[in-house]
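None of the figures in this text is laboratory data; all of them are computed from the coordinates on show. This is a predicted model, so every value here is computed, not measured.
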Amino acid sequence: MLIRQTILAYMEWFSINNENTAELPDEEILRRSQTKPWLYEILVNRYQTAFLRKAIGIIRDEEDAQEIVQDTFTKIYVNANSFTPHAGAKFSSWAYRILLNTTFTYYQKKLKQGQRFMVFDPDFEQLVADKSVFDEEEVRDAVERILARLPGHFAFVLRLHYLEHWSHKDIAEKTGEQVGTIKARIHRAKNAFRKESNTKEIELIL
């Protein structure tokens, strides 16, 4: 088994380094990563530092910023099918929109906790202005409608983690399971959530 894993790992490395993938545009790498998941690491490496810098500049907390970036990359990957490359639609713009929306969710969480801080980021300020025209309950209702279509164990962990902002550790303590088990379940639940979502619902939530 160890030999087989080593061979597979080498094949993945060989694929990344011998198809000139490092020179491919973001949109092509995203497309290929749907059948070759290891290629997604190239996009992560390209954008991780910039994403983290952007999130820290807005949320002012490095630990929260790291979680924001992780959630952003997860959303980008599981919603890759909703991105359609065409003239004027670049991956970077789409990805940054997801990053800003994810940061906005954390920003709202901070405000609800009574924290106040100044944000000097034109893109984020515009997003906050745009978001103000939407009813937060409308977004939550859309999420709840999708959760209602999922198996109960998936809906349960997603509701706690994303709607109630429970940590993996808190959910594990409540269910009596290992943190790794909860992380794996949330990952599978995200995929199920994406499959149950229609295009309109995804655009509203992202």
Net lengthening on full extension, Lys36/Ala50 (0.36 nm per residue, minus Cα-Cα): 2.6 nm
Karplus-derived HN-Hα couplings along region 97-109 (A = 6.51, B = -1.76, C = 1.60, θ = phi - 60°), whole Hz, x at Gly and Pro: 5, 5, 4, 5, 5, 5, 5, 4, 4, 5, 4, 4, 4
